[in-house]
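A.B. asks: Take this structure, written in C-alpha cells, and hold onto it; I'll ask about it next.
The values are calculated or read from the model by the stated rules, or taken from the named source; none is laboratory data. What you see is a predicted model, and the numbers here were worked out from it, not measured in a lab. Backbone-built Cβ (ideal geometry, glycine too); neighbour counts: all protein chains shown.
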Amino acid sequence: MSDMLKFPQDSPDFNVALSMSLVLFGFDGDQLQLLLARSQRDPFKDALFLPSRYLEASDELMLSARSMFHGLFGYDDPEIIEQLKAFGGVFRHPMGRVVNVAFYALVRKEDFLAEKWESHSMQWVPSDRVPDLAFDHNDVVTYARERLKRRVKRRPVGFHLLPSEFTLGQLQSLYEQALGKTFDKRNFRKKLFKSPLLTDLEKKATGREKGQHKGSRLYAFDRERYQRMKSEGYDFLF
C-alpha cells in the first residue's frame with residue numbers, strides 16, 4: 001500500500017505544543033483598539049504580544065478561550081468570541097514546534113481600565129497602529145481584522161462595541177475604523193435612519209464622554225431587534 005494511504009500514521013509525533021491567543025477588540029468611544037500584553041520571559045522579553053497561554057492535553061479549545069476571557073475581564077458573556085484558525089508555521093516559535101489556535105472577541109467599553117492593564121504589563125493600542133509583535137502575532141491580528149470586517153458587514157455586531165448611549169458620529173467612526181474606509185456623512189446617516197436598530201433617545205450629549213461632541217443627539221440600539229438580526233444576518237451596505 002502506498003505511504004500516502006497510511007493514515008493515521010503508526011507512530012505520530014506527539015512532541016508538538018499547542019497555544020492559544022486572543023485578539024480582543026474594543027471601542028473606547030473614539031478609537032477601535034485591541035489589547036496587548038508585554039512578555040516577561042525570553043525569547044521575547046519586553047516585546048508586545050497578544051494575550052496567550054499554552055494549552056494542556058485535556059484543554060478544550062472554546063472552553064479555554066472563554067476561561068481566558070473571564071480571567072481578563074471577569075465576566076463570561078462576550079458578545080462575540082470565535083475561533084479564527086490555527087497558525088502553525090514550523091519556525092513561528094524559536095523554542096520548538098508550537099501550533100497557535102487564535103480566537104477573537106469583542107469587549108465592552110466599560111472594560112477599558114487603563115490603570116488595571118498597565119499594572120499587569122498590558123495596554124490598549126489603536127487597531128490600525130499595531131507595533132511589531134512577538135512570534136507571528138501581527139499575522140494573527142491582520143487575520144482577525146479581516147474577520148471583524150466581514151462580521152460587521154453581515155451582522156450588527158458593531159453596535160455592541162458602542163457605549164449604551166452613542167452619537168451618530170461615534171457609530172460612523174467605529175464602522176470606518178472596522179472597515180478601513182471613510183463614508184460620506186450624509187449618505188451614511190441616510191442609510192442608518194432606515195435601520196430598525198436605532199432608537200432616538202431625544203436627548204443630547206454633554207460632551208463629557210469620549211468621542212461625543214456637546215449637543216449631538218444621543219441614540220441607543222434596540223436590543224430585541226439586535227438579537228434577532230444578529231442571528232438572521234443584516235447587510236450594512238456602505
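A.B. asks: Test residue 79 against the stated conditions and say whether it is in contact with a helix residue (DSSP H, G or I) (Cβ under 9 Å, 6 or more places away or on another chain) and closer than 21 Å to residue 28 by Cβ.
C.D. replies: It is true that residue 79 is in contact with a helix residue (DSSP H, G or I) (Cβ under 9 Å, 6 or more places away or on another chain) and closer than 21 Å to residue 28 by Cβ.
A.B. asks: Given the residues 193, 135, which is the only one that is at positive phi and hydrophobic (A, V, I, L, M, F, W, C)?
C.D. replies: After applying the criteria, what remains is 135.
A.B. asks: Something else: For the stretch 150-164, enumerate the residues that are surrounded by 15 or more Cβ atoms within 10 Å (Cβ to Cβ) and either charged (D, E, K, R) or more than 13 Å from the chain's Cα centre (by Cα) (or both).
C.D. replies: The answer is 151, 153, 155, 156, 159, 162, 163.
A.B. asks: Would you list the helices (runs of 4 or more DSSP H) that sit entirely within the stretch 110-224 and hold 2 or more residues that are closer than 26 Å to residue 81 by Cβ, of a type in the set (A, V, I, L, M) and not assigned by TED's automatic domain parsing to the domain that holds residue 98?
C.D. replies: Result: 168-179.
A.B. asks: With the structure loaded, tell me whether residue 71 is small (Gly, Ala, Ser) and within 16 Å of residue 121 (Cα to Cα) or whether it fails that test.
C.D. replies: It is true that residue 71 is small (Gly, Ala, Ser) and within 16 Å of residue 121 (Cα to Cα).
A.B. asks: For the stretch 148-159, what are the residues that are touching a residue at least 60 places away in the same chain (Cβ under 8 Å) and either of a type in the set (A, V, I, L, M, F, W, C) or under 19 Å from residue 129 (Cβ atoms) (or both)?
C.D. replies: Correct list: 148, 152, 157, 159.
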